[in-house]
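Worksheet: the structure to be examined is printed underneath.
Just so it is clear, none of the values below were taken in a lab; they were calculated from the coordinates. Because the structure is a prediction, the values reported are computed rather than measured. Please note: Cβ atoms are built from the backbone with ideal geometry, for glycine as well, and neighbour counts cover all protein chains shown.
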Amino acid sequence: MSTSSRDAILNRLRAARRPFEDADPTPDGYVPVTVQEATDADALLERFCRELTGLKGETVSVRGDAAARKKIVELLNEHEAAAVLAWDFRHIPVKGLDKALETAGIEAVHLDTRDEFRAESLALAGQVKVGLTGADAAIATTGTLVVTTAPGKGRLPAVLPPVHLAIVTLDQIVARLEDWVALQRANHLETIRQAGNVCFISGPSRTGDIEMQLVIGVHGPGRVQVVIKR
């Protein structure tokens, strides 16, 4: 294609995309979809817990690593979980959690589905009752967990077992999704660029049929529990 032909085509496209003369100008700012007036840590914690509870999720707030370890073991014992499908512990913000689970007799299963034993690994994962993960952030106004995947923090623990147990810290709670996106932009989107995928988890898996009957836990965990470490 000659340069003159290419320019002619581009000029026609530019002309077709020219805005209408009577269109409103682009706004300088946008009205937020969700609103959170108070942005101190306690207010964000309260809002996150309230929103997630409204979505049939469960939350518990604890102070310090020792209390977090104790609560996690308690929850796993309540689920009669002899094993958990877990992220690498360096991605779960509780010091000494690996030793606490070992002492409690709970096996931490870390899957590698990229080798020749993929079928066997997936079969084993399907028998585990609880997935144990951290999170990248928690969104207060929607009760949402932001979870990116990368080496040591795979997708399966958050979506495959019947129970998803996530651990977050108080400083990971942000007011709105837009705030988290702004933080990523300030960091040149490095976290997103390096992630295998980005998941937004707002409570247990749910679906509705044509008769508007809501069913929980069809395509993923039927229970989502979040331990917030202060």
Size of electric dipole in segment 82-230: Cβ of Lys, Arg +1 and of Asp, Glu -1, about Cα centre, debye, nearest 20: 320 debye
Order by protection proxy (mean Cβ within 10 Å, highest first), peptides 164-171, 70-77: 164-171, 70-77
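Loop only by DSSP, 12 or fewer other Cβ within 10 Å of the Cβ. Give me the trypsin sites (Lys or Arg not before Pro) in segment 29-63 that pass, ordered by residue number.
Details: sites: Arg47, Arg50, Lys56, Arg63; in loops: Lys56, Arg63.
Of the trypsin sites (Lys or Arg not before Pro), the ones in loops of segment 29-63 whose Cβ has at most 12 other Cβ atoms within 10 Å are Arg63.
Tell me the relative contact order for segment 38-229 as a rounded percent, counting alpha carbon contacts under 8 Å between residues six or more apart. Don't skip to the answer; put the middle values down first.
On the way: 371 pairs, mean separation 54.6, N = 192.
Dividing the mean separation by the residue count of segment 38-229 yields 28 percent.
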If unit charges are put on Cβ atoms (+1 for Lys and Arg, -1 for Asp and Glu) and the dipole of the chain is taken about its Cα centre, the option from Ala123, Gln225, Val84 lying farthest towards the positive end turns out to be Ala123
Along the charge dipole of segment 38-229, Cβ charges K/R +1 and D/E -1, which of Leu177, Gly154, Leu214 sits furthest on the positive end? Leu177
Sticking with the crude label model, points 7 Å out along Cα→Cβ, report the distance from Val60 to Thr26 in nm, one decimal please. 4.9 nm
Rounded to one decimal in nm, the spacing of the 7 Å Cα→Cβ label points at Arg6 and Lys70 is 7.0 nm
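What is the local net charge at Arg223, summed over the other residues whose Cβ is closer than 14 Å to its Cβ (Lys, Arg +1; Asp, Glu -1)?
Numbers: positive: Lys56, Lys129, Arg206; negative: Glu58, Glu78, Glu80.
In short, 0.
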What residues from segment 82-108 fall in the zone where the backbone N is under 13 Å from a label point 7 Å along the Cα-to-C-beta line of Leu124? 83-86, 107-108
